[in-house]
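Okay, structure first, notes after.
The values are calculated or read from the model by the stated rules, or taken from the named source; none is laboratory data. Owing to the predicted nature of the structure, the values given are computational and were not obtained by experimental measurement. Cβ placement follows ideal geometry from the backbone for every residue including glycine, while neighbour counts extend to all protein chains displayed.
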Amino acid sequence: MFKSIKKTYHEYTSTFWTLIGAMFIDRLGGSLLFPFFSLYITERFGVGMTEVGYIFMLHTSAMFFGNMLSGALTDKFGRKNMLLAGIILSGTSSLLMGFIPNYETFLIFTVITGLLTNIGGPAVNAMMADILPEKQRAQGFSILRVAVNLSVTFGPAIGGLLAGYNFFYLFVADFVISMITASVVLFKIPETKPKPDKNQHEPEPSLLKTLGGYGIILKDWFFIGILFLTLLTNLVYMQMSSSLSVFLRDMYGISSQKYGYILSLNAIMVVFMQFWITRKISGYRPMLLMFFGNILYAIGFGMYGFVGSYPLFLLAMAIITIGEMISSPILQSIIARLAPNDMRGRYMAVFNLSFGTANAVGPLAAGIIMDNYNPNWVWYAGGIICTVSAFGYLLMQAAAGKKLANPAQKD
């Protein structure tokens with residue numbers, strides 16, 4: 001086992017491992033706070049899940065504009081600058097959130113943070129694609145997932161304990177951790193943006209022309225199809241960090257600490273099983289793997305609408321996690337393969353819209369259901385949506401072979 005770990009370590013560059021370490025530290029702060037964000041809002045301001053949904057919708061709608069601008073800025077000015085700015089702004093906004101006294105002010109601040117806090121998102125994925133050759137991308141993204149989930153192994157459990165004392169401690173902890181991450185990025189990670197071809201004498205495009213490059217992406221029908229199916233899946237998956245905690249608390253009396261353990265199970269499984277699963281599935285067709293991953297999502301999320309005991313809640317999370325370990329690294333490597341070198345930031349920004357749109361729509365839709373109808377329908381609908389997404393990937397299998405062999409190139 002140790003020989004395998006040593007071999008894997010030497011297969012990747014020091015820049016790659018430093019980026020992985022930085023993301024581990026950064027996500028540790030996020031995993032302390034965001035699994036309990038819905039609980040904080042409902043308890044702090046005395047509102048229901050519908051009002052929580054409005055906050056997520058406003059935040060993510062603002063993120064749409066910030067994300068698109070960030071993708072263009074990442075391609076024009078480089079990955080490192082945007083990543084550094086994103087980490088600092090994210091940590092600062094988290095700290096300020098802890099001081100907001102009422103729901104109305106929180107709504108206004110949500111728009112500001114949405115514009116600013118995710119501007120480093122496209123930079124991380126673009127940097128990963130820059131660093132990793134194509135044959136290493138699926139495994140490299142798996143390593144990133146393991147690092148992130150290793151942080152989630154500790155984060156929610158620690159966050160649950162801190163939340164038991166005072167929710168404000170979560171905001172302070174996230175800020176401190178963000179500043180540590182920013183220091184690592186500033187001093188230890190170089191710029192990875194590919195240098196322009198010396199044989200080409202075209203001037204570097206203006207920011208306006210760089211923004212215009214999004215039109216090329218919207219003509220990539222295969223990428224847009226993947227984006228739509230990912231959106232469907234994310235509408236369900238992101239309920240883990242919004243409605244699931246409130247659902248389990250209100251329906252079954254599950255405390256924030258016990259919910260933290262459910263999320264920690266997800267993280268522990270990824271840490272110990274992701275490498276093995278990624279190597280085992282490496283020879284299979286990507287769309288077939290996406291099909292099976294989404295079928296497992298459908299089973300796992302659907303279970304929350306049918307079961308009523310803590311061990312079965314853990315089992316449902318285990319099934320979800322297996323689906324996640326199958327599909328997530330494959331999906332990220334597909335997107336990296338489709339993106340031309342000089343458009344990676346913009347491709348990653350558009351890809352992130354599937355997460356952002358799901359964050360805008362998912363919590364609000366779930367909140368309306370939970371506040372006005374049978375809350376179990378959140379999970380019945382989740383199972384149906386993931387099943388639709390699974391068969392969508394299966395239908396795209398024929399086109400995937402040709403498209404991934406000849407990915408999109410800039411006109």
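Within the range 245-257, the presence of a residue that is buried (at least 21 other Cβ atoms within 10 Å of the Cβ) and under 17 Å from the mean Cα position of the chain (by Cα) is excluded. Among the residues of the range 60-80, is any β-branched (Val, Ile, Thr), in contact with a helix residue (DSSP H, G or I) (Cβ under 8 Å, 6 or more places away or on another chain) and surrounded by fewer than 20 Cβ atoms within 10 Å (Cβ to Cβ)? Within the range 60-80 (the criterion being β-branched (Val, Ile, Thr), in contact with a helix residue (DSSP H, G or I) (Cβ under 8 Å, 6 or more places away or on another chain) and surrounded by fewer than 20 Cβ atoms within 10 Å (Cβ to Cβ)), the answer is no, since none of the residues qualifies. The residues listed here are Gly305, Gly293; of these, the one that is within 15 Å of Ala381 (Cα to Cα) and at pLDDT below 95 is Gly305. Evaluation of Glu43 against the conditions (1) touching a helix residue (DSSP H, G or I) at 6+ places or on another chain (Cβ under 8 Å); (2) within 30 Å of Pro101 (Cα to Cα); (3) modelled with pLDDT of 75 or more shows that the sole unmet condition is (1).
Considering the range 321-339, the residues that are at pLDDT below 90 and among the small types (Gly, Ala, Ser) include one that is farthest from Gly140 (Cα to Cα), namely Ala339. Collect the residues in the range 159-178 that are touching a helix residue (DSSP H, G or I) at 6+ places or on another chain (Cβ under 6 Å) and in a helix (DSSP H, G or I), keeping them in residue-number order. Across the range 159-178, the qualifying residues are Gly159, Gly160, Leu162, Ala163, Tyr169, Leu170, Phe171, Ala173, Asp174, Phe175, Ile177, Ser178. Scanning the range 295-306 for residues that are touching a Leu at 6+ places or on another chain (Cβ under 8 Å) and either free of Cβ contacts under 8 Å to residues at least 60 places away in the same chain or buried (at least 24 other Cβ atoms within 10 Å of the Cβ) (or both) yields a single hit, Tyr304.
A quick yes/no check of all residues on (1) surrounded by fewer than 22 Cβ atoms within 10 Å (Cβ to Cβ); (2) closer than 30 Å to Gly48 by Cβ; (3) among the β-branched types (Val, Ile, Thr); (4) in contact with a Pro (Cβ under 9 Å, 6 or more places away or on another chain):
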{"position": "Ser327", "(1), (2), (3), (4)": "no, no, no, no"}
{"position": "Gln332", "(1), (2), (3), (4)": "no, no, no, no"}
{"position": "Ala339", "(1), (2), (3), (4)": "no, no, no, yes"}
{"position": "Met343", "(1), (2), (3), (4)": "no, no, no, no"}
{"position": "Val361", "(1), (2), (3), (4)": "yes, yes, yes, no"}
{"position": "Ala366", "(1), (2), (3), (4)": "no, yes, no, yes"}
{"position": "Met370", "(1), (2), (3), (4)": "no, yes, no, no"}
{"position": "Tyr373", "(1), (2), (3), (4)": "yes, yes, no, no"}
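With a requirement of 2 or more residues that are within 25 Å of Leu162 (Cα to Cα), the helices (runs of 4 or more DSSP H) lying completely within the range 31-136 that satisfy it span 37-45, 49-77, 79-97, 103-116. Only one entry in Thr18, Thr8 is hydroxyl-bearing (Ser, Thr, Tyr) and either at pLDDT 80 or above or buried (at least 17 other Cβ atoms within 10 Å of the Cβ) (or both), namely Thr18. Among the residues of the range 121-147, those that are charged (D, E, K, R) and either buried (at least 22 other Cβ atoms within 10 Å of the Cβ) or under 18 Å from Gly21 (Cβ atoms) (or both) comprise Asp130, Arg145.
Taken over the range 130-149, the residue count meeting the criterion of being at pLDDT 80 or above, within 20 Å of the chain's Cα centre (by Cα) and not β-branched (Val, Ile, Thr) is 5.
Residue count for the range 158-198, restricted to those that are surrounded by fewer than 16 Cβ atoms within 10 Å (Cβ to Cβ) and among the hydroxyl-bearing types (Ser, Thr, Tyr): 2. Look at (1) in contact (Cβ under 8 Å) with a residue 40 or more places away in the chain; (2) within 18 Å of the chain's Cα centre (by Cα) and you find that Thr15 fails only one, number (2). Taking the condition at pLDDT below 80, more than 30 Å from Leu83 (Cβ to Cβ) and among the hydrophobic types (A, V, I, L, M, F, W, C), does Met57 pass? Considered against the rule, which asks whether it is at pLDDT below 80, more than 30 Å from Leu83 (Cβ to Cβ) and among the hydrophobic types (A, V, I, L, M, F, W, C), Met57 comes out as no. Among residues belonging to the range 376-401 that are modelled with pLDDT under 90 and under 20 Å from Ile319 (Cβ atoms), point out the one that is surrounded by the fewest Cβ atoms within 10 Å (Cβ to Cβ). Only one residue fits best here, namely Leu394.
Inclusion of Val152 among residues that are surrounded by fewer than 22 Cβ atoms within 10 Å (Cβ to Cβ) and within 25 Å of Arg44 (Cα to Cα) is not warranted.
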